[in-house]
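Notes for the one structure printed next.
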Amino acid sequence: MSDFQAIADRVEIDALRGEFTDAAMMRDRARLASLFTPDGVLRMPNIPAELIGREQIRAGGERLQAQWDFFVQTTHPGTIQLEGDTATGRAYIQELVRTRDGRQGLNYAIYHDRYQRTPDGWKFTERVYEVRYLDTTPLAGSAPRPEAPTERSGTS
(Lines give C-alpha, C1' and ligand atoms only; values in the text may rest on other atoms or scores of the structure.)
Protein backbone atom coordinates (compact mmCIF):
# COMPACT_ATOMS: atom_id res chain seq x y z
CA MET A 1 0.00 0.00 0.00
CA SER A 2 1.35 3.43 -0.89
CA ASP A 3 1.90 6.11 1.72
CA PHE A 4 -0.68 8.21 -0.14
CA GLN A 5 -3.29 5.43 0.08
CA ALA A 6 -2.60 4.95 3.80
CA ILE A 7 -3.05 8.68 4.41
CA ALA A 8 -6.27 8.70 2.36
CA ASP A 9 -7.61 5.68 4.29
CA ARG A 10 -6.88 7.34 7.64
CA VAL A 11 -8.61 10.55 6.56
CA GLU A 12 -11.65 8.59 5.34
CA ILE A 13 -11.89 6.55 8.55
CA ASP A 14 -11.58 9.69 10.67
CA ALA A 15 -14.35 11.28 8.58
CA LEU A 16 -16.50 8.16 9.16
CA ARG A 17 -16.10 8.58 12.92
CA GLY A 18 -17.02 12.27 12.59
CA GLU A 19 -20.12 11.36 10.57
CA PHE A 20 -21.20 9.01 13.36
CA THR A 21 -21.05 11.79 15.95
CA ASP A 22 -22.77 14.25 13.62
CA ALA A 23 -25.58 11.79 12.89
CA ALA A 24 -26.02 11.14 16.63
CA MET A 25 -26.07 14.86 17.45
CA MET A 26 -28.47 15.65 14.59
CA ARG A 27 -30.67 12.69 15.56
CA ASP A 28 -30.35 11.27 12.06
CA ARG A 29 -30.67 7.57 12.81
CA ALA A 30 -31.00 6.47 9.19
CA ARG A 31 -27.68 8.16 8.34
CA LEU A 32 -26.07 6.71 11.46
CA ALA A 33 -27.17 3.19 10.47
CA SER A 34 -25.87 3.71 6.92
CA LEU A 35 -22.35 4.14 8.32
CA PHE A 36 -22.28 0.40 9.15
CA THR A 37 -21.91 -2.56 6.82
CA PRO A 38 -25.27 -4.37 6.33
CA ASP A 39 -24.29 -6.89 9.05
CA GLY A 40 -22.48 -4.34 11.23
CA VAL A 41 -22.81 -4.44 15.02
CA LEU A 42 -23.11 -1.70 17.64
CA ARG A 43 -22.46 -3.02 21.15
CA MET A 44 -23.06 -0.92 24.26
CA PRO A 45 -22.54 -3.29 27.21
CA ASN A 46 -23.26 -0.67 29.89
CA ILE A 47 -26.77 0.07 28.54
CA PRO A 48 -26.95 -3.03 27.76
CA ALA A 49 -27.59 -3.17 24.02
CA GLU A 50 -26.34 -5.20 21.09
CA LEU A 51 -27.70 -4.00 17.76
CA ILE A 52 -26.96 -6.16 14.73
CA GLY A 53 -27.58 -4.87 11.22
CA ARG A 54 -28.60 -1.46 9.98
CA GLU A 55 -32.30 -1.80 10.85
CA GLN A 56 -31.61 -2.73 14.49
CA ILE A 57 -29.03 0.08 14.75
CA ARG A 58 -31.54 2.61 13.39
CA ALA A 59 -34.43 1.40 15.55
CA GLY A 60 -32.27 1.09 18.67
CA GLY A 61 -30.99 4.62 18.17
CA GLU A 62 -34.55 5.90 17.88
CA ARG A 63 -35.50 4.17 21.16
CA LEU A 64 -32.52 5.77 22.93
CA GLN A 65 -33.19 9.17 21.35
CA ALA A 66 -36.81 9.12 22.55
CA GLN A 67 -35.49 9.01 26.14
CA TRP A 68 -33.28 12.12 25.85
CA ASP A 69 -34.05 15.61 27.03
CA PHE A 70 -30.68 16.47 25.52
CA PHE A 71 -27.55 14.68 24.36
CA VAL A 72 -24.16 16.09 23.40
CA GLN A 73 -21.34 13.86 22.12
CA THR A 74 -17.82 15.01 21.29
CA THR A 75 -15.40 12.67 19.53
CA HIS A 76 -11.66 13.00 19.93
CA PRO A 77 -9.17 11.38 17.53
CA GLY A 78 -7.90 7.98 18.46
CA THR A 79 -5.86 5.29 16.77
CA ILE A 80 -6.19 3.60 13.40
CA GLN A 81 -4.36 0.40 12.37
CA LEU A 82 -4.72 -0.33 8.67
CA GLU A 83 -4.71 -3.93 7.44
CA GLY A 84 -5.45 -3.71 3.70
CA ASP A 85 -9.21 -3.47 3.21
CA THR A 86 -9.88 -3.74 6.96
CA ALA A 87 -8.76 -1.67 9.90
CA THR A 88 -9.18 -1.35 13.65
CA GLY A 89 -9.14 1.72 15.80
CA ARG A 90 -10.35 3.62 18.81
CA ALA A 91 -12.16 6.94 19.21
CA TYR A 92 -12.43 8.80 22.52
CA ILE A 93 -15.81 10.20 23.52
CA GLN A 94 -17.13 12.78 25.97
CA GLU A 95 -20.88 12.98 26.49
CA LEU A 96 -23.43 15.03 28.39
CA VAL A 97 -26.93 13.66 28.65
CA ARG A 98 -30.17 14.25 30.48
CA THR A 99 -33.03 11.83 29.97
CA ARG A 100 -36.72 12.70 30.15
CA ASP A 101 -37.00 10.74 33.43
CA GLY A 102 -34.34 12.96 35.05
CA ARG A 103 -31.24 10.74 34.82
CA GLN A 104 -28.24 12.78 33.80
CA GLY A 105 -24.53 12.79 33.67
CA LEU A 106 -21.18 13.33 32.08
CA ASN A 107 -19.11 10.44 30.83
CA TYR A 108 -15.89 9.66 29.05
CA ALA A 109 -15.85 6.56 26.89
CA ILE A 110 -14.00 4.73 24.13
CA TYR A 111 -15.36 3.26 20.94
CA HIS A 112 -13.37 0.16 19.97
CA ASP A 113 -13.89 -0.05 16.21
CA ARG A 114 -13.51 -2.42 13.28
CA TYR A 115 -13.75 -0.98 9.78
CA GLN A 116 -14.18 -2.41 6.28
CA ARG A 117 -13.46 -0.79 2.91
CA THR A 118 -16.59 -1.13 0.75
CA PRO A 119 -17.53 0.15 -2.73
CA ASP A 120 -19.23 3.03 -0.83
CA GLY A 121 -16.13 3.83 1.23
CA TRP A 122 -15.08 2.81 4.72
CA LYS A 123 -17.86 1.51 7.02
CA PHE A 124 -18.03 0.24 10.58
CA THR A 125 -18.31 -3.52 10.94
CA GLU A 126 -18.32 -3.22 14.73
CA ARG A 127 -18.36 -0.45 17.35
CA VAL A 128 -18.06 -1.44 21.01
CA TYR A 129 -18.78 1.35 23.49
CA GLU A 130 -16.81 1.23 26.75
CA VAL A 131 -17.53 3.80 29.49
CA ARG A 132 -14.37 4.71 31.39
CA TYR A 133 -15.76 7.43 33.68
CA LEU A 134 -19.32 8.32 34.68
CA ASP A 135 -20.41 11.29 36.78
CA THR A 136 -24.12 11.36 37.62
CA THR A 137 -23.92 14.58 39.62
CA PRO A 138 -26.78 16.86 38.55
CA LEU A 139 -25.70 18.95 35.60
CA ALA A 140 -25.58 22.69 36.27
CA GLY A 141 -26.60 23.71 32.77
CA SER A 142 -29.58 23.06 30.56
CA ALA A 143 -30.46 22.86 26.91
CA PRO A 144 -31.81 26.13 25.53
CA ARG A 145 -35.43 25.96 24.46
CA PRO A 146 -36.49 27.48 21.15
CA GLU A 147 -38.16 30.83 21.52
CA ALA A 148 -41.77 31.11 20.48
CA PRO A 149 -42.17 33.04 17.22
CA THR A 150 -43.17 36.64 17.80
CA GLU A 151 -45.04 38.92 15.49
CA ARG A 152 -42.98 41.85 14.27
CA SER A 153 -44.60 45.15 15.06
CA GLY A 154 -44.08 48.11 12.79
CA THR A 155 -42.01 48.29 9.66
CA SER A 156 -38.60 49.68 8.99
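Beta carbons closer than 7 Å, at least 6 apart along the sequence or on distinct chains, pair a first residue in the range 17-34 that is over 23 Å from Ile80 (Cα atoms) with a second that is at pLDDT 95 or above and charged (D, E, K, R) for Arg29/Arg58; Ala30/Arg58. Scanning the range 91-101 for residues that are under 17 Å from Leu16 (Cα atoms) and open to solvent by 60 Å² or more (accessible area, probe 1.4 Å) turns up just one, Tyr92.
When Ile52, Ile80, Ile93 are checked against the criterion of being touching a helix residue (DSSP H, G or I) at 6+ places or on another chain (Cβ under 6 Å) and β-branched (Val, Ile, Thr), Ile80 stands alone in meeting it.
Quick one: would you say Arg132 is within 20 Å of the chain's Cα centre (by Cα), surrounded by fewer than 16 Cβ atoms within 10 Å (Cβ to Cβ) and of a type in the set (Lys, Arg)? Answer is yes for this residue. Is it fair to say Glu147 is of a type in the set (Asp, Glu), without any contact (Cβ under 8 Å) to a residue 40 or more places away in the chain and open to solvent by less than 90 Å² (accessible area, probe 1.4 Å)? Judged against the criteria, Glu147 is not a match.
Per the listing Arg58, Arg90, Arg63, Arg117, the residue uniquely over 28 Å from Ile7 (Cα atoms) and in contact (Cβ under 8 Å) with a residue 12 or more places away in the chain is Arg58. For the condition touching a residue at least 40 places away in the same chain (Cβ under 8 Å) and not acidic (Asp, Glu), Leu106 does not qualify. Looking at Ala49, Ala30, Ala24, Ala15, just one residue is under 11 Å from the mean Cα position of the chain (by Cα) and open to solvent by less than 70 Å² (accessible area, probe 1.4 Å), and that residue is Ala24. Looking across the range 59-90 at every residue that is closer than 19 Å to Thr21 by Cβ and of a type in the set (A, V, I, L, M, F, W, C), the one that is least open to solvent (accessible area, probe 1.4 Å) is identified as Ala87.
The values are calculated or read from the model by the stated rules, or taken from the named source; none is laboratory data. These figures come from a predicted structure and were not determined experimentally. Positions of Cβ are backbone-derived with ideal geometry, glycine not excepted, and every protein chain shown enters the neighbour counts. Ligands, DNA and RNA are excluded from the accessible area calculation, which covers all protein heavy atoms including side chains. Shrake-Rupley method; radii C 1.70, N 1.55, O 1.52, S 1.80 Å.
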